[in-house]
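Here, each number is a calculation from the coordinates, and none is a lab measurement. Bear in mind that the values here come from a model prediction, so they are computed numbers and not experimental data. Here the Cβ positions follow ideal geometry from the backbone for every residue, glycine too, while neighbour counts run over all protein chains shown.
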Amino acid sequence: MKGPGLYLDGVSVVFDGFRALNNLSLIVDPGELRAVIGPNGAGKTTMMDVITGKTRPTAGTVTFGEHDLTRMDEARIANLGIGRKFQKPTVFDALTVFENLELALKAPRDPWSCLRWKLENTARKRIEAVTEEIGLASRAGDPAAILSHGQRQWLEIGMLLMQDPDLLLVDEPVAGMTDQETEHTAALLRRIAGTRSVVVVEHDLEFVRALGSKVTVLHEGTLLSEGSIDTVQNDPRVIEVYLGR
Ligand code: ADP
């Protein structure tokens with residue numbers, strides 16, 4: 001099942017007179033994988049902050065399916081199924097891969113569902129499915145402390161998947177990764193996006209190419225170009241402000 005679509009309509013964010021986002025409109029379809037690129041200061045982080053409710057737009061609206069997120073607080077937005085992965089992984093070193101994933105899982109609230117959930121071993125099944133999905137099934141019993149940088153990033157993506165989000169926002173996932181880890185991450189995000197929308201902010205253009213997704217280029221808070229990686233890389237406006245530097 002694919003979740004709701006994300007719509008940003010004419011979103012502006014003004015900090016002390018400075019326009020971090022300027023009339024930005026963007027649609028991410030249900031189940032879509034989208035890469036967002038742009039030079040430093042282009043507004044990528046502000047865009048993610050607006051979607052998660054960390055920053056309120058000065059103008060415009062943000063909608064997720066039928067939900068208007070524009071004035072909603074962060075906790076409610078997260079509860080609607082929007083997960084965010086920041087650049088730095090925040091896994092628990094002393095805990096195993098399995099235990100980290102277990103911590104991220106929320107048990108059902110009502111007692112009967114919770115009992116059935118326990119009797120049917122739902123947690124274990126779910127954790128095993130996610131360790132498989134993130135490629136860490138053989139490391140389930142290892143403490144997070146001994147994982148490589150890439151594996152820690154995948155574990156954190158797994159922790160977000162435990163909550164079954166409809167939209168996952170991922171901030172520069174491959175910074176500091178080896179080529180092989182970068183490839184694994186592209187494949188992982190492509191797989192995840194089959195059942196939920198994924199928005200990835202990234203600098204590494206080879207990685208963006210490997211994602212094979214539609215690319216949005218931001219510049220000075222506005223949408224500069226949109227299309228396949230080849231389309232945007234050949235767009236003269238993009239070459240001028242970003243790739244030609
Ligand atoms: P990116 O993630 O693309 O590098 P950002 O969204 O972080 O860009 O920043 C866009 C612009 O907004 C930058 O010029 C930045 O200095 C400014 N900005 C971001 N957050 C704030 C803030 N809280 N107060 C003032 N200016 C900010």
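Tell me which residues come under 5 Å, amide H to amide H, from residue 33 once H is placed; ignore anything under 5 positions away on its chain.
It is 198, by chain and number.
How large are Rg and Dmax for the chain when only the alpha carbon atoms are used, in Å?
Here Rg and the maximum Cα pair distance are 18.6, 60 Å.
Could you order peptides 163-176, 223-236 by the average number of other Cβ atoms within 10 Å of their residues, highest first?
Details: 163-176: 20.6, 223-236: 16.6.
For the peptides 163-176, 223-236, the packing ranking is 163-176, 223-236.
State the Cα centre-to-centre distance between region 101-171 and region 9-39 in whole Å.
Using only Cα atoms, the two centres lie 30 Å from each other.
Kirkwood Rh, region 99-155, all Cα pairs: how many Å? Please list the in-between numbers first.
Numbers: mean 1/r = 0.0807 Å⁻¹.
Kirkwood hydrodynamic radius for region 99-155: 12.4 Å.
Pairs of alpha-carbon atoms within less than 8 angstrom and 6+ residues apart define the contacts here; what relative contact order does the chain have, in percent?
Numbers: 463 pairs, mean separation 68.0, N = 245.
Computed over the chain, the figure is 28 percent.
Restricting attention to the alpha-carbon atoms of region 150-222, what are Rg (one decimal) and Dmax (integer), both in Å?
Just the Cα atoms of region 150-222 yield Rg and Dmax of 12.2, 35 Å.
Taking Cα pairs under 8 Å and at least six residues apart, what relative contact order does region 161-245 come out at, in percent?
Working: 90 pairs, mean separation 19.0, N = 85.
For region 161-245, the relative contact order is 22 percent.
Please report the antiparallel percentage of the DSSP beta bridges confined to the chain, to the nearest 5. Display every interim value, and only then the final one.
Working: 20 of 37 bridges.
Roughly 55 percent of the DSSP beta bridges within the chain come out antiparallel.
What net charge is computed for the residues neighbouring residue 48, neighbours being all others with C-beta under 15 Å from the C-beta of residue 48, Lys and Arg scored +1, Asp and Glu -1? Don't skip to the answer; put the middle values down first.
Numbers: positive: 34, 44, 54, 56, 84, 85, 88; negative: 49, 74, 171, 172, 202.
Summing Lys/Arg as +1 and Asp/Glu as -1 gives +2.
Radius of gyration and Dmax for region 104-245's Cα atoms, expressed in Å?
In Å, with Rg to one decimal and Dmax whole: 18.5, 60.
In a shell of Cβ-Cβ distance under 15 Å around residue 183, excluding residue 183 itself, what net charge do Lys and Arg (+1) and Asp and Glu (-1) give? Each step should come with its number before you reach the end.
Working: positive: 190, 191, 209; negative: 179, 181, 202, 204, 206.
Local charge sum for residue 183: -2.
Over all distinct alpha-carbon pairs, what is the Kirkwood Rh of region 26-72 in angstrom? Walk me through the numbers on the way to the answer.
Values: mean 1/r = 0.0845 Å⁻¹.
Result for region 26-72, one decimal place: 11.8 Å.
Considering only DSSP states other than H, G, I, E and B, which chymotrypsin sites (Phe, Trp or Tyr not before Pro) in region 99-193 qualify as loop sites with at most 11 other Cβ atoms within 10 Å?
Details: sites: 112, 117, 154; in loops: none.
Sparse-neighbourhood loop chymotrypsin sites (Phe, Trp or Tyr not before Pro): none present.
How high is the relative contact order of region 4-73, in percent, counting Cα pairs under 8 Å that sit 6 or more residues apart?
Numbers: 123 pairs, mean separation 26.8, N = 70.
Result for region 4-73 is 38 percent.
Would you mind counting up the charge near residue 96? Only other residues with Cβ under 15 Å from its Cβ, with Lys and Arg at +1 and Asp and Glu at -1. Don't skip to the end; give the middle numbers.
Numbers: positive: 124, 139, 152; negative: 93, 99, 102, 128, 142, 156.
Result for the neighbourhood of residue 96: -3.
Under 29 Å between alpha carbons: how many lysine pairs meet that in the chain, if sequence neighbours fewer than 8 apart on the same chain are excluded?
25
Determine ³J(HN,Hα), in whole Hz, for all residues of region 45-50 in sequence, where each value follows from phi through the Karplus function 6.51 cos²θ - 1.76 cosθ + 1.60 and θ = phi - 60°; x replaces Gly and Pro.
Residue by residue, region 45-50 yields 5, 4, 4, 4, 5, 5 Hz.
If we count other beta carbons within 10 Å of each Cβ, what is the order of 16, 9, fewest first?
Working: 16 4, 9 16.
Result, fewest neighbours first: 16, 9.
What is the distance, in nm, between label points placed 7 Å from the Cα along the Cα-to-Cβ direction at residue 190 and at residue 23?
Rounded to a tenth, the inter-label distance reads 3.7 nm.
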